[in-house]
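Below is one structure, written out as structure tokens; the observations come after it.
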Amino acid sequence: RLSFFLIPVCSTKMNVVFAVDGSYKMGEMNYGFIVNFVFNVSGNFDVSNNKTWIITVLGNETAVYKTKDELETSMITSFPNSSHVFLGQTLELVMQRLSESDTQRNASNVVVLIATHKSEDDIAIPTVHLKTSNTTIFVVGIGDQFSFGQLKEIASNPDEQHFMEANDAIDLRERFSTPLANKICQGKCTI
């Protein structure tokens, strides 16, 4: 799975958080493709102690990768066991993670939220908190069960730069890995 590491596209000091909705509604195979996508995109960064750190929020499981070796030896997390889609709660978990001591200080914060279904909880308050803390938020909607309105509200402006739509998890993996990495890096470092 992790044989994707090539020359990093981006070498800058960032905390890049990948957050995936924590519901089993997405299906186990899709979840595997989404996790694979997260690690493929991560392979485009110089993951090291003084450059980019990758933080994952997959359901209720979180992890921090401070080196390429940690990322390469990571294990796919267990499949979510919740029937609920709580994107607001996921964003709150992201905020907690970004405020903890195991994230880099004086680094750009970038969040990539991946959702397959409409959220059942309030997204407004955590979205505002993240945006007012100078966090750039990219949102990827997969399939046809998510809410365009919710995801566009979460995404940083302008929408066309920060919101992406994939037909399914395979489409996500095949079409968006490198383009998303480039978008994350844009303005943060020289590509």
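The values are calculated or read from the model by the stated rules, or taken from the named source; none is laboratory data. The model shown is predicted, which means the values in this text are computed figures rather than measured ones. Positions of Cβ are generated from backbone atoms using ideal geometry, with glycine treated the same way; all protein chains shown enter the neighbour counts. Quick note on the areas: whole protein, heavy atoms, side chains included, nothing else; ligands and nucleic acids left out. Shrake-Rupley method; radii C 1.70, N 1.55, O 1.52, S 1.80 Å.
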query: lysines near LYS13 by alpha-carbon distance under 29 Å, same-chain residues fewer than 8 away left out - which ones?
result: LYS51, LYS66, LYS68, LYS131, LYS152, LYS183, LYS188
Residue-by-residue Karplus 3J(HN,Hα) for segment 46-51, coefficients 6.51, -1.76, 1.60, Hz, glycine and proline x: 7, 7, 7, 3, 10, 10
- prompt: Which shape class applies to the chain: rounded if a/c is under 1.5, otherwise prolate when a/b exceeds b/c and oblate if not, where a ≥ b ≥ c are the square roots of the Cα gyration tensor eigenvalues?
  reply: rounded
query: Longest span of the chain, sites excluded, free of GluC sites (Glu not before Pro) in DSSP loop with at most 14 other C-beta atoms within 10 Å?
result: 1-99
- line: Listed residues SER78, SER23, SER177; largest mean-square fluctuation, Gaussian network over the chain with Cα springs below 10 Å, found at SER78
field: GNM result for the chain, Cα springs below 10 Å: residue of VAL85, VAL112, VAL128 fluctuating most strongly
entry: VAL128
field: Cα-centre dipole for the chain with unit charges at Cβ (Lys and Arg positive, Asp and Glu negative), debye to 20
entry: 620
field: Separation of alpha-carbon centers, segment 51-87 and segment 101-118, rounded to whole Å
entry: 11
message: If you roll a 1.4 angstrom probe over the protein chains with everything in place, what fraction of the accessible area of the chain belongs to carbon and sulfur, to the nearest %?
response: 48
message: Looking at the chain as a GNM with Cα springs under 10 Å, which of MET26, MET164, MET75 has the largest mean-square fluctuation?
response: MET75
- prompt: How large is the helix-only mean residue ellipticity at 222 nm for the chain, computed as the sum of -39500 (n - 2.57) over DSSP H runs with n ≥ 4, divided by its residue count, in deg cm²/dmol to the nearest 500?
  reply: -11000 deg cm²/dmol
query: Which of the trypsin sites (Lys or Arg not before Pro) found in segment 84-165 are in a DSSP loop and have at most 11 neighbouring Cβ atoms, other than their own, within 10 Å?
result: ARG105
- prompt: Just by accessible area at a 1.4 angstrom probe, what is the order of SER83, SER156 from largest to smallest?
  reply: SER83, SER156
